[in-house]
Amino acid sequence: MRKAGLALLLLFSLFILTLSFATLSFAQNEPKRAPSTPQERQRFLSLTHKLEQNPLDKGLYEEKAWAKKWLEDIPDVNVNICAPLLFGLDFVREQNKYTPQLSYQATFGSAVYIIEHPDKKGDTTAQYIAGVESALKAYSAMVKSEPGAKSKALDDLLEKQKQGKLADFVREASKGCDDKKEGI
């Protein structure tokens, strides 16, 4: 009975994350505004790098809300969303309280890749890898200031990164994402 309850909670959490990302992806279907400006892209890049260094900085909350809305509205940076799968199912099962934050960081990292490599915006695997690497930077910073944020699944990904195996893991994990091709 307890396993059934845990499985139901896991499925519900995954459903909520998927619903959140689906809302973002559907928002992009109809452009709400003109393409992004160089100043906005620079603001977004700067924020994403700040979040990699200090993801728990409450002073960045308004900027993060702006970034989420900006990604929803702009027609020229379309991110393929797959963060929960990219971290692996073990991460989803852990019920880490920072799962949504790290998922957004992965999305932001993917967007940074698109902005910095506009000629490679169709390379979803490279986007996913950049997103996971950005989230791992944020996770590492998070654990330094809050050891309770530890995640065995993310520690395993950090180990894969050290061994040069992260790209292969992400490539394999993202196979389930390629069918979705959702844009933020």
*Under a Cβ-Cβ cut-off of 11 Å, what is the net charge of the residues other than residue 170 that fall near it, where Lys and Arg count +1 and Asp and Glu count -1?*
+1
*residue 81's amide H: which non-local residues (gap 5+, or another chain) put their own amide H closer than 5 Å, with H modeled 1.01 Å from N in plane and none for Pro or chain starts?*
182
*Determine ³J(HN,Hα), in whole Hz, for all residues of the range 59-69 in sequence, where each value follows from phi through the Karplus function 6.51 cos²θ - 1.76 cosθ + 1.60 and θ = phi - 60°; x replaces Gly and Pro.*
x, 9, 4, 5, 5, 5, 4, 4, 4, 4, 5
_I need the Debye-formula profile for the range 56-126: one equal scatterer per C-alpha, no solvent, reported as log10 I(q)/I(0) at q = 0.21, 0.26 1/Å, two decimals._
-0.99, -1.21
*Across 97/175; 32/120; 137/165; 50/137; 68/152, pairs whose alpha-carbon gap is larger than 18 Å*: 97/175; 32/120; 68/152
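A short reminder: the numbers here are calculations on the coordinates, not readings from a lab. Nothing here was measured: the structure is a model prediction, and the numbers come from that model. For neighbour counting, all protein chains shown are included, and Cβ atoms are generated from backbone atoms with ideal geometry for every residue, glycine included.
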